[in-house]
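The structure under discussion appears below in the form of structure tokens.
The values are calculated or read from the model by the stated rules, or taken from the named source; none is laboratory data. Just so it is clear, the model here is predicted, and its values are computed rather than measured. Reconstructed Cβ throughout: ideal geometry from the backbone, glycine too, with neighbour counts over all protein chains shown. Just the protein is used for accessible areas: all its heavy atoms, side chains included, with ligands, DNA and RNA removed. Shrake-Rupley method; radii C 1.70, N 1.55, O 1.52, S 1.80 Å.
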Amino acid sequence: MELKKLSISLVVVLVLVLVLQILSAVDFDPYRILGVSRTSSQADIKKAYKKLAREWHPDKNKDPGAEDKFIQISKAYEILSNEEKRSNFDRYGDVGENQGYPQQQQHRQFHHFHESFYFDESFFHFPFNSERRDSSDEKYLLHFSHYVNEIVPDSFKKPYLIKITSDWCFSCIHIEPVWKEVVQELEVLGVGIGVVHAGYERRLAHHLGAHSTPSILGLINGKIAFFHNAVIRENLRQFVESLLPGNLIEKITDKNYVRFLSNWKKENKPHVLLFDHMPVVPLLYKLTAFAYRDYLSFGYVYVGLRGTEELSRQYNINVYTPTMMIFKEHVDKPADVIQAREMKKQLIDDFLSQNKFLLAARLTNQKLFHELCPVKKSHRQRKYCVVLLTGEGDKFARTYEAFVAFALANTKDTVRFVHIYNDRQRDFAHALLMDDEKYWGKSAVAILERRNNVGRVVYKILEDAWKGSEEDNFMLLDLLAQLRTDPGLLSSDTVLPDLNDELAPVFFLRWLYSAIEYVSDVWDSVFHNNWREMMPLLSLIFSALFILFGTVIVQAFSDSSDERDSPLPQKEEPNEKNDTAFSKENSRIPKKGFVEVTELTDVTYTSNLVRLRPGHMNVVLILSNPTKTSLLQKFALEVYTFTGSSCLHFSFLSLDKHREWLEYLLEFAQDAAPIPNQYDKHFLERDYTGYVLALNGHKKYFCLFKPHRSGDEGGTMGSCEDYDPLLHTGEARGKSSCSPGSKQVKNKLSKLSLWMERLLEGSLQRFYIPSWPALD
């Protein structure tokens, strides 16, 4: 009986919850709340939302119900501003997080009531806003401009962990305790934290590729990576570690510490050794190495590992206290050391920021020059650079060591010591030394002060070459002392060129690194990031593959069909293929060493034109007796490359014998360009020499080439669509540049080869005639 009563009670509770859900859904109408109709545009909805939000904002409206009203307004706008949610509300009346399900599926929203009494969040509409619930996130809120201008550049110094949240997100409440714990732990280590409210920063949420809430993502070096595991502390910590490059810190033992510390000269960086009793490199050290990777090289010594005893003994390391040492030009003695039972980020940053450069760093690029030798900002903030201009090799080792020793003994905030290799920075060295003979093959020291960002400096060169002797040291020390009271001592000025980037990889390596980085980004995007962001790329790839394979398959079937349907060579049956079928053979190598050109006469007229085989064309040159030799030579040169096609035949027509036949054909080309009336008194004086006709005897059409006129800019390619008024002869011919001189006559056909290409392509205009006239 008691069991039956319990079952009845559970059923009653379920019924009440369902009724409350239905009443809540019926009561909440976003259109009514915003005061807009169901056909309103997004502009009208946004305008109504802004007006109501200003009116009911809790900070401006002191009404007790203003906060609840503002929540309803925000929720209504969140639904109606999203086309998908708006469509689901119009169809199903659902305003919860799980929209888009038909009414018959809503019974599944309580995931087995008997299993811990779990209900989906869409059953409940609590009157709270996210700002009160997530007050700790306020200082981490990101806006689009802030993200683009500050967060992305800063991600090259530290990784960011970003949470995407929104109002009415019940899952966001579930992860809140874990998120707060992780934020407190990682922020003190140097990880950047960000929160994006998807309801108010839709543009930023879309830019990040976050299409659901809650979402957690990482940002490093301007690249985004999504977190896909369970939201627990260890998973989030491992996710942040996975964002960092794997080669930031090298494991150091007794066998490799000398090699590691000796790389300072090659890398032009100080080297840092971290001594700790943890077998795994702490996350704090990894984050520090990432932040200072451009200035320092890091190595980690696990003092509890066998094989590090000699290293610990040589540098007198306390194995129970974390220790950090910085080595510069001398590998046997650290330049600076700190020890602390608890290494804090602030302590490490202060320590490393004071030791980012070598005692006498080599200027290897312009960026390093700007950092070591900044521009003078005021008289009280003068920065002098003492530059050693030297060479490479053992010959200059003594002078360089003496310069480093001087720098170590005279380190000051206002003076920086640097050096360059003359052979690698020739322009820079020439601007200071001016190819003075006394410095050839020797080292020199210059003191300079930068005056602006475009390279202007004032400087002074030590009179004698730098040998590193005591006399040189005293002279340089005296000069620096005089500069404190008399800055005008730097009497010379010049404009220095930009330094060459000595450490930049060669082009092939840069290309290889870029390719590897691109492939890595694509791989991460496909297998780890949001699939919606990859859909356009995947669609493009599959479309290209489909087109490629489709083209191959169609071409294969087309070739096999052509082979089956092609007639035998000895049969001369009419071929009704495309008129430009001969273009398939236009790339054949000429079969003969000459061009066979026959004269078109009444004897050859029928075989060469009227009864020409289908698909074949006769290219006819129009000439006169005076121009015959010159035009035939030029014609042969222009068409020689096309003689490999068996579908083309070449002939010439005498204008003196068959002018009437030619003029009859040209009357059918009057739609391309006006032909003078036959009663024109100049009609019989037209000069048709150099014109070329491509005659298709079977289809009864022709294409026309107009000769090139001497003096035309760029020339004119005579095509059927470019047909112009014909050239005059007689008196006009004597004044024209198209006189029958040999050179001018040959120039008429200078564009014929291009016209032939268009003929083979089938792109020329065709002029049809009812029948071929007789050739008298």
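Restricted to Cα atoms, the range 387-520 shows a radius of gyration and a Dmax of 17.7, 59 angstrom. Using the structure shown, list the pairs from 46/69; 367/467; 442/467; 50/75 with a Cα-Cα distance above 19 Å, or answer none. Beyond 19 Å between Cα atoms: 367/467. The listed residues 350, 687, 394, once ranked by accessible area (1.4 Å probe) with the largest placed first, stand as 394, 350, 687. Between amide H atoms placed 1.01 Å from N, distances below 5 Å from residue 300 occur with 250, 251, 252, 274, all of them 5 or more places distant or on a separate chain.
Ordered from highest to lowest accessible area with the whole protein assembly present and a 1.4 Å probe, 63, 349 read as 63, 349. Taken per residue, the accessible surface of the range 298-455 reaches 52 Å², heavy atoms only and a 1.4 Å probe.
With the convex hull constructed from alpha-carbon coordinates only, the range 145-201 shows a mean projected area of 4.2 nm² over all directions. Across the range 619-635, rounded Karplus estimates of 3J(HN,Hα) from the backbone phi angles (6.51 cos²θ - 1.76 cosθ + 1.60, θ = phi - 60°) give 9, 10, 9, 8, 9, 10, 4, x, 9, 4, 5, 5, 5, 5, 4, 5, 4 Hz, Gly and Pro being marked x. Based on C-alpha pairs under 8 angstrom that are at least 6 apart in sequence, the range 202-248 has a relative contact order of 27 percent. Amide H contacts of residue 652: 598, 599, 600, 621, each under 5 Å away and 5 or more positions distant or on a separate chain (H built 1.01 Å from N in the peptide plane; Pro and chain starts excluded). Stretching residue 57 away from residue 471 to a fully extended chain increases their span by 141.2 nm, per 0.36 nm per residue minus the current alpha-carbon distance.
Computed with every protein chain present, the accessible area of residue 69 is close to 60 Å² [probe 1.4 Å].
The trypsin sites (Lys or Arg not before Pro) of the range 290-351 that DSSP puts in a loop, and whose beta carbon has at most 13 other beta carbons within 10 Å, are 306, 341, 344. Here the Karplus relation 6.51 cos²θ - 1.76 cosθ + 1.60, evaluated at θ = phi - 60°, turns the backbone of the range 663-669 into coupling constants of 5, 5, 5, 5, 5, 7, 9 Hz, with x for every Gly and Pro.
Of 336, 167, the order by accessible heavy-atom surface (1.4 Å probe, DNA, RNA and ligands excluded), from most exposed downward, is 336, 167. In loop segments of the range 286-326 as defined by DSSP, the chymotrypsin sites (Phe, Trp or Tyr not before Pro) with at most 14 further C-beta atoms inside 10 Å of their C-beta are 320.
Grab the other residues whose beta carbon is less than 15 angstrom from that of residue 453, score K and R as +1, D and E as -1, and report the net. Value of the local net charge: +4.
For the range 178-283, what D do you get in µm² per second when you plug the Kirkwood radius from alpha-carbon pairs into Stokes-Einstein at 20 °C and 1.002 mPa s? So the translational diffusion coefficient is about 127 µm²/s. The lysines within cross-link reach of residue 333, meaning a Cα-to-Cα straight distance under 23 Å and a gap of 8 or more places when in the same chain, are 251, 255, 265, 266, 269, 356, 412. Per-peptide packing, taken as the mean over residues of other Cβ atoms within 10 Å, places 33-43, 437-447 in the sequence 437-447, 33-43 from highest down.
Within the same chain, lysines fewer than 8 places from residue 344 are excluded, and of the rest, those with a Cα less than 17 Å from its Cα are 158, 286.
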